[in-house]
Amino acid sequence: MGPLSGLRVLDISRVLAGPYCAMILGDLGAEIIKLEIPGKGDDTRSFGPPFCGTETAYFFSVNRNKKSIAVDMKQKEGATIVKELAKQSDVLIENYIPGKLSKMGLGYSQIKEIAPKLIYCSISGYGQTGPYAQRAGYDVIASGIGGLMHITGPQDGAPCKVGVAMTDLSTGLYAYGSILAAIMERQKSGTGQHIDCNLLATQVASLVNISSNYLNAGMEAKRYGTAHESIVPYQSFKTSDGYIIIGGVNNNQFQSVCKLIDLPELCTDPRYIDNKLRVTNRKSLLHTLSERFLQKSTDEWLNIFEDSGIPYGPINTIQQVFSDPQVLHNNLIQEMDHPTAGRIRLPAPAVKFSESKLVNPPEPPPTLGQHTHQVLTQLLNMDKDEIKHLIKKGVIQ
């Protein structure tokens, strides 16, 4: 059931970055035990509308292939359950404010004493120490502090957030890769370790060429909308009925674009002979190109650029995304039966393997506490009387 079959992950994270990381591990076959708060569950269970029955579409998006147990870690018996599960797990993922789990006896140094082989991955807003460490970590705040919002939005407009929480998602991907690296290290050393992932570090690392421009050339970044600060043309253009994105990232591509849109005179215009000059004369070039693209529909331009070797494409609505022929060809929609919401559909895992298999059919996102009894009896050998006692005390659900 996947290349990570046999790996057990105790996921006590909530909302997006941690659950996204755990879901990817689950897609690859790892057993994911998702610990939630009794009576409430993961915060995203209330992030609606839209609702699918009593569940939210948001929760569905990052919680397939998981088992849900509802345990109150703040109670002594609940913390004991977490410790016992940690002993039998390979990985623990958490995204609490640094120091909070230590107060419950569940911090890394405390868990390490009883589970030295455990890989303990902490996801926070700003890291485990430092002046911002105790701040709650939210994607849009970290993207602001980390510079992403400064470079996102119209050139003459206000800063904008990205349409999905890319800082959260990128942190989840960093955590996922780091966990796999720690697993490989454990194969050599025999011991686990602590992984410190945080939104701010992810965002700063993800500035790539923008950060290099500043650190090495002192160049402050600006907002360019869909355009690129170092390549012209490489952006979207309004058509008669929508938008198209095209790129002329080198001289040959630029000349091809000009010929395809029937403006061959631009190829020999001394203002646009190379990319450096095109960047310098950005305003006049883009004005000419913009007027030309307005003269045809998006589909007409797509037909013109087909098989040209030029990078191009439409700006799709979400409806158009999930009817796009390449999306359908790549089987990027995954269907499953949910116990209360019925048939649901989600974006499928992004990566395919030639030999290894992903979990198929996928397990639907769990209902709150759906697997509490199963996990406690099978992994911790609890009997019915113990479970009834814990339910009565509100420790589990």
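Would you be so kind as to identify which of Thr54, Asn252, Leu376 lies farthest towards the positive end of the dipole of the chain, taking Lys and Arg as +1 and Asp and Glu as -1 on Cβ and the Cα centre as origin?
Projecting each Cα onto the dipole axis, the largest value belongs to Leu376.
Compute the Kirkwood hydrodynamic radius of segment 295-397, taking the inverse of the mean of 1/r over all pairs of distinct Cα atoms, and give it in Å to one decimal.
This gives a value of 18.7 Å.
Rounded to the nearest 0.05, what FRET efficiency do Gln326 and His228 have when you use their Cβ-Cβ distance and R0 = 30 Å?
Using R0 = 30 Å, I get an efficiency of 0.80.
For Lys117, enumerate residues with amide H under 5 Å from its amide H, sequence gap 5+ or separate chain, H modeled in the peptide plane.
The answer is Gly192.
So which DSSP H runs in the chain come out at 20 Å plus along the axis (Cα) with average Kyte-Doolittle of at least 0.0?
166-189
Of Thr317, Leu286, Ile32, which is farthest along the charge dipole of the chain in the positive direction, counting Lys and Arg as +1 and Asp and Glu as -1 at C-beta?
Ile32
Go through segment 362-370 residue by residue and turn each phi into a ³J(HN,Hα) via Karplus (6.51, -1.76, 1.60, θ = phi - 60°); whole Hz please, and just put x for glycine and proline.
Those phi angles translate into x, 7, x, x, x, 6, 4, x, 4 Hz.
With N residues in the chain, what two-decimal value do you get for its Cα radius of gyration over 2.2 N^0.38 Å?
Expressed relative to 2.2 N^0.38 Å, the Cα Rg reads 1.18.
Roughly how much of Cys267 is accessible, in Å² to the nearest 10, using a 1.4 Å probe?
Its accessible surface works out to 20 Å², give or take rounding.
What percent do you get for the relative contact order of the chain when only Cα pairs under 8 Å and 6+ apart count?
Relative contact order, the chain: 20 percent.
Would you work out which of Ala115, Met149, Gly127 lies farthest towards the positive end of the dipole of segment 112-182, given +1 charges on the beta-carbon of Lys and Arg and -1 on that of Asp and Glu, about the Cα centre?
The listed residue farthest towards the positive side: Ala115.
Might you report the magnitude of the Cβ-based charge dipole of segment 226-353 about its Cα centre, with Lys and Arg at +1 and Asp and Glu at -1, to the nearest 20 debye?
380 debye
With runs of 4+ DSSP H residues as the only contributors, calculate the mean residue ellipticity of the chain at 222 nm using -39,500 (n - 2.57) per run, divided by the residue total and rounded to the nearest 500.
Rounded to the nearest 500, the figure is -10500 deg cm²/dmol.
Please say if segment 35-79 is rounded, prolate or oblate, where rounded means a/c under 1.5 for a ≥ b ≥ c the square roots of the C-alpha gyration tensor eigenvalues, and otherwise the choice is prolate for a/b larger than b/c and oblate otherwise?
prolate
Go through segment 324-397 and name the GluC sites (Glu not before Pro) that are in a DSSP coil and have 16 or fewer other Cβ atoms within 10 Å of their Cβ.
Glu355
What shape does segment 251-331 take by its C-alpha gyration tensor, where a ≥ b ≥ c are the square roots of the eigenvalues and a/c under 1.5 counts as rounded, a/b above b/c as prolate, and the rest as oblate?
prolate
Using the crude model of +1 on Lys and Arg Cβ and -1 on Asp and Glu Cβ, and no other charge, please compute the dipole size for segment 133-255 relative to its Cα centre, in debye to 20.
120 debye
With charges only on Cβ, +1 for K and R and -1 for D and E, what is the dipole size of the chain about its Cα centre, in debye, rounded to 20?
Using only the charged Cβ atoms, the result is roughly 1040 debye.
Full extension from Asn213 to Ile391: what is 0.36 nm times the residue separation minus their Cα-Cα distance, to one decimal in nm?
Answer, rounded to one decimal: 58.3 nm.
The values are calculated or read from the model by the stated rules, or taken from the named source; none is laboratory data. Only a predicted model underlies this, so the values are computations on that prediction, with no experimental measurement involved. As a convention, Cβ positions derive from the backbone with ideal geometry for all residues, glycine included, and neighbour counts pool all protein chains shown. For accessibility, only protein heavy atoms count, side chains too; no ligands or nucleic acids. Shrake-Rupley method; radii C 1.70, N 1.55, O 1.52, S 1.80 Å.
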